[in-house]
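This report refers to the structure that appears directly beneath it.
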Amino acid sequence: MTFQVVGFGALNLDKLYQVNKIAREDGESFIKSVSESCGGSAANTIIGLSRLEMKTVMIGKVASDREGELLLDNLSNENVQTTGIIKAEDGRSGTVMGFVDEAGERALYVDPGVNDLITLDEIDLNLVYNTEFLHLTSFVGNSIKAQEELLEKLPTKVKISLDPGRLYAEKGINSLVNILKRTDILLINRAELKLLTNNKYKTIEEEIKSLENYNIAIIVVKLGEDGCYATDGDKSYSLKAFPVKCRDTTGAGDAFNSGFLYGHIKGLNLEKSCIIGNYVASCCVGGWGATNSLPYKNNLDEFLKTI
C-alpha cells in the first residue's frame with residue numbers, strides 16, 4: 001500500500017491533570033480532574049490527517065504493557081496503519097504527565113521508555129520508500145540516529161516535514177544538520193525557532209534567514225493565539241488564529257501540522273494551507289487532550305465553504 005504521510009516519532013500515553021494552577025518551585029496547587037489520552041507529536045498529526053481521510057501509517061515503538069496496547073488500539077481506531085509499530089518484549093511504553101491550568105497552559109514531564117530504543121534495522125523501509133511525506137518529530141534520546149540513518153536511505157521523491165519540538169530545538173542547529181538539510185517543510189513555534197537559532201536574532205525574518213543554507217522550501221512559524229507566519233522564500237504570510245475559547249493547548253501545534261500538511265498535499269497554496277492549519281488547531285484547543293476535538297473531513301469541507 002502507498003501512503004500519503006508516514007509519521008515517525010515518539011508514542012506516549014498522556015496522563016493529563018487539570019489543576020487550579022501550575023505550581024512553581026516550592027509552590028503548591030491541587031488537582032481538579034484526571035484523564036488519559038493517547039499522544040506523541042507525530043501520532044497526533046497522523047491522527048489528524050487520518051480524520052481528514054488521508055492514507056497514513058505510523059512508525060514508532062511500544063512495550064508489551066497496558067499503555068502500549070492502548071496506543072496501538074487508538075491508532076487502529078483512528079484508521080492509522082500500525083504495521084510500522086515495533087513492539088518490544090521488555091521495557092515500558094512512553095508516557096507523559098501533563099498538568100493543565102484553568103487558562104489551558106501546560107507543563108509536561110516525559111518518560112520516554114522504549115521510544116528511545118529504535119534502530120534502523122527494526123524499521124520496515126518499504127513503508128516509507130513510496131510515501132509522499134515522511135513527518136518527523138522529536139525523541140528524548142538516541143532514536144534521532146534512526147531518523148538520520150533513514151533519511152540517508154530515502155529517495156529524493158519522498159518529502160520531509162519536521163516539527164522539532166523543544167527537545168530538538170534545544171540541541172541547536174549544529175546537532176540537527178543531517179535532518180535540516182533534508183527537510184522540505186519546517187513546522188516550528190516561535191520559542192523553538194529562537195532556541196534553534198541560539199537566540200541570536202530579534203525578528204522571525206532574521207531567524208528564518210539564518211536557516212537559508214539548508215534550502216528548506218517552506219518554513220511555518222506557529223504563534224499560538226497570534227496565528228502563524230509562513231514563507232516559501234517567494235511569498236510570506238502572517239495569518240491570525242481563529243477566535244475560540246481555549247480549554248487545553250495540548251497538541252495544538254500537532255493539530256496545525258495536520259491541517260497544513262493536508263492543504264499542501266492537496267495542492268493548495270501556502271496561505272490556504274495555513275488557514276486550514278489554524279482551523280484544525282482551533283478545533284483542538286476547544287476541547288481536552290491532543291486529538292479528542294480534531295475535525296473530520298466533513299467538518300473541514302463545511303469550513304472550506306466559508307473561506
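Coordinate-derived values only; no laboratory data. These numbers come from a predicted model, not from an experiment. Note that each Cβ is placed from the backbone with ideal geometry, even for glycine, and that neighbours are counted across all protein chains shown.
Tabulated data
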{"read-out": "Relative contact order for the range 50-176, counting Cα pairs under 8 Å that sit 6 or more residues apart, in percent", "value": "20"}
{"read-out": "Solvent-free Debye scattering, log10 I(q)/I(0), computed from the Cα coordinates of the range 35-116 at q = 0.15, 0.23 Å⁻¹", "value": "-0.56, -1.11"}
{"read-out": "Cross-link partners of LYS15 among aspartates and glutamates (Cα-Cα below 12 Å; sequence separation of 8 or more within a chain)", "value": "GLU36, GLU67, ASP111"}
{"read-out": "Cα gyration tensor shape for the range 163-303, rounded if a/c is under 1.5, else prolate or oblate", "value": "prolate"}
{"read-out": "Centre separation in Å (Cα based) which lies between the range 83-134 and the range 1-78", "value": "8"}
{"read-out": "Residues with amide H under 5 Å from that of ARG247, placed H, sequence gap 5 or more", "value": "GLY286, GLY287"}
{"read-out": "Cβ-defined net charge surrounding LYS181, 13 Å radius [Lys, Arg +1; Asp, Glu -1]", "value": "-3"}
{"read-out": "Expected 222 nm ellipticity per residue - DSSP helices of 4 or more, -39500 (n - 2.57), all of the chain, to 500", "value": "-9000 deg cm²/dmol"}
{"read-out": "Rg/Rh (Cα only; Kirkwood hydrodynamic radius) as it applies to the range 69-151", "value": "1.00"}
{"read-out": "19 Å Cα-Cα threshold exceeded, pairs from LYS55/LYS297; LYS209/LYS235; LYS245/LYS266; LYS61/LYS194; LYS202/LYS222; LYS55/LYS266", "value": "LYS245/LYS266; LYS61/LYS194"}
{"read-out": "FRET efficiency for LYS305 and ARG24, using Cβ-Cβ distance with R0 set to 45 Å, rounded to 0.05", "value": "0.50"}
{"read-out": "Rh (Kirkwood; distinct C-alpha pairs) - the range 165-243, Å", "value": "12.7"}
{"read-out": "Sequence-distant residues sharing a close amide H with ILE59 (under 5 Å, placed H)", "value": "GLY7, PHE8, GLY9"}
{"read-out": "Spatial extent of the range 101-201: Rg and Dmax, with the Cα atoms as the point set, Å", "value": "14.8, 46"}
{"read-out": "In the range 101-192, trypsin sites (Lys or Arg not before Pro) in a DSSP loop with at most 11 other beta-carbon atoms within 10 Å", "value": "LYS157"}
{"read-out": "17 Å Cα-Cα reach of LYS181 towards aspartates and glutamates, excluding residues that sit fewer than 8 places from it in its own chain", "value": "GLU148, GLU149, GLU152, ASP163, GLU207, GLU212, ASP232"}
{"read-out": "Linear extension gain, ILE173 paired with LYS202, 0.36 nm per residue minus alpha-carbon span", "value": "8.7 nm"}
{"read-out": "For the range 225-239, Karplus couplings with θ = phi - 60° (6.51, -1.76, 1.60), whole Hz, Gly/Pro x", "value": "5, 8, x, 7, 10, 9, 8, 10, x, 10, 10, 10, 9, 10, 10"}
{"read-out": "Debye intensity ratio in log₁₀ form over the Cα atoms of the range 185-227, taken at each q of 0.20, 0.23, 0.29, 0.31 Å⁻¹", "value": "-0.58, -0.76, -1.15, -1.26"}
{"read-out": "All-pairs Cα distance distribution in the range 10-155, expressed in whole percent, bin size 10 Å", "value": "11, 38, 32, 14, 4, 0"}
{"read-out": "Of [x] 1.12; [y] 0.94; [z] 1.08, the label for Rg/Rh (Cα atoms, Kirkwood Rh) derived from the coordinates", "value": "[y]"}
{"read-out": "Kyte-Doolittle mean at least 0.0, axial Cα span of 18 Å or more - DSSP H helices of the chain", "value": "252-265, 270-285"}
{"read-out": "Segment GLU212-ALA103, length gained on full extension (0.36 nm per residue, minus Cα span)", "value": "35.6 nm"}
{"read-out": "Within-13-Å neighbourhood charge of ILE118 [Cβ basis; K, R +1; D, E -1]", "value": "-3"}
